[in-house]
1. Tell me the accessible surface of A:ILE118 in square angstrom (1.4 angstrom probe, heavy atoms of protein chains only), to the nearest ten.
2. Can you give the charge dipole size of segment A:49-161 about its Cα centre, rounded to the nearest 20 debye, using +1 on the beta carbon of Lys and Arg and -1 on the beta carbon of Asp and Glu?
3. Rounded to the nearest 10 Å², what accessible area does A:ASP78 show when all protein chains are kept and the probe is 1.4 Å?
4. May I ask which residue of A:LEU72, A:SER89, A:GLY101 lies farthest towards the positive end of the charge dipole of segment A:4-154, with charges of +1 (Lys, Arg) and -1 (Asp, Glu) on Cβ and the Cα centre as origin?
5. Hey, what's the Kirkwood Rh for segment A:43-161 if you take every pair of different alpha carbons, in angstrom?
6. Could you work out the mean count of beta carbons from other protein chains within 10 Å of each residue's beta carbon in B:40-47?
7. Over chain A, with a Gaussian network built from C-alpha contacts below 10 Å, which listed residue (A:LEU58, A:LEU30, A:LEU116) shows the highest mean-square fluctuation?
8. Amide H to amide H, which residues 5 or more places from A:GLY92 or on other chains are under 5 Å from it, using H placed in the peptide plane?
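The values are calculated or read from the model by the stated rules, or taken from the named source; none is laboratory data. The shown structure was predicted, so the numbers you read here are calculated from the model rather than taken from an experiment. Glycine also receives a Cβ, built like all others from the backbone with ideal geometry; neighbour counts cover every protein chain displayed. The protein model used for the area step is the full one, side chains on, heavy atoms only, and it has no ligands, DNA or RNA in it. Shrake-Rupley method; radii C 1.70, N 1.55, O 1.52, S 1.80 Å.
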Amino acid sequence: MTTSSFGRILEVLTRHRVDFVVVGGVAAVLHGAPVTTFDLDTLIRVEDRNADRLLDALHELDARFRGHSPTLRPTKRDVLAGGHLLLLSDAGPLDILGFIGMNSRYEDLRQEVVRLTIEDREVEVLGLDELIRQKKALGRAKDEAAVRLLEEVARRLRPSR
Amino acid sequence: MAPSGALLFLSARIATCIWYSPAMRAAIHHAADDAEHDAGLVEWFLRLTPAQRLAELDSRVSFLVTTRQSHDHQQLRPDPGGIDPASR
């Protein structure tokens, strides 16, 4: 059985110096919204050397495609294609995203990223306001509760707003 | 022409009946409960460090996966803050 450990995935990615930003439900949790999510969404920098570092990290995590081809491991070509890789690692489901929302890439969101410290490691996380914007833009019913909680977090962190 | 007193009385009665109907009261109470529930959870969660929030998420996911695998849907974990979902 795969034991979920988002902390372990983040530790491995940062140790391998992968350029990535945590987005999605785990980003919401890190900001203080008590939502439950089963996968870790990461927006990566789609670039040659970063792809090598990412593949090293994914190898350590024994990450393979989940779903219909669970024995296949992602290749450099897959990473550089810049799409979405939905993987299952030995520490739980991991989504490697080349873009989010309306084709926003790693480089496009540099101004919207905050750095949070987790177990003595700095991890880049999509900022609260941008996260709310992205979730609202998706317009999915399943995100409504998360948006409500994120807005409550924003209200508490900025009471004068 | 001004509405008659009887018409005003009837309108007020209808409005009162709608306002105090069980369905309306339930909807109002549920909305208030949801907002209060969210605020309480966020207040508790913001007291944790990002690492503690991540550990809490790991713990919840592990619990849900284990529960689903064992098909034991009776194992409901109380909400943080000691609120037992079964009591609501």
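1. Only protein atoms counted, so the area is about 10 Å².
2. 420 debye
3. Probe radius 1.4 Å; accessible area of A:ASP78 about 50 Å².
4. After comparing all options, I get A:LEU72.
5. In segment A:43-161 this quantity evaluates to 16.1 Å.
6. Across B:40-47, the average partner-chain Cβ count within 10 Å equals 6.
7. A:LEU116
8. A:SER5
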